1. Name the residues in region 14-66 that are in contact (Cβ under 8 Å) with a residue 24 or more places away in the chain, farther than 18 Å from F4 by Cα and surrounded by 10 or more Cβ atoms within 10 Å (Cβ to Cβ), would you?
2. Could you check region 21-41 and list, in sequence order, the residues that are under 15 Å from V53 (Cβ atoms) and either in contact with a Ser or Thr (Cβ under 9 Å, 6 or more places away or on another chain) or at pLDDT below 90 (or both)?
3. Restricting to region 1-25, name every residue that is farther than 22 Å from A57 by Cα and not in a helix (DSSP H, G or I).
4. Restricting region 11-20 to residues that are out of contact with any Leu (no Cβ under 9 Å at 6 or more places or on another chain) and under 18 Å from Q47 (Cβ atoms), which is modelled with the lowest pLDDT?
5. Suppose we filter region 35-66 for residues that are small (G, A, S), at negative phi and assigned to a loop (DSSP other than H, G, I, E, B); how many remain?
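The values are calculated or read from the model by the stated rules, or taken from the named source; none is laboratory data. Everything numeric in this text was worked out from a predicted model, so none of it was measured. Positions of Cβ are generated from backbone atoms using ideal geometry, with glycine treated the same way; all protein chains shown enter the neighbour counts.
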Amino acid sequence: MDDFKWSVAQAQSGGICVLTLHGVPDLDHAWVHTEPATFELYVQHLQDQGCTVISLADLHRYVAAG
């Protein structure tokens, strides 16, 4: 959870944090599995921090092409 919180904290002053979660759960691929309870903690932290969560496909709406 500490690494997750650190990553989210990098998205300040217009910064972006890209989080990748492959499966909640993903029992067939244990190396990328996220426990549902852990995912709930992640989502709660994002909400508590007032984060806007979007898909990577929608990132262009927030970042100017350059």
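1. L59, Y62
2. L21, V24, listed by residue number.
3. Across region 1-25, the qualifying residues are M1, P25.
4. Among them, the one singled out is Q12.
5. Summing the residues that are small (G, A, S), at negative phi and assigned to a loop (DSSP other than H, G, I, E, B) in region 35-66 gives 4.
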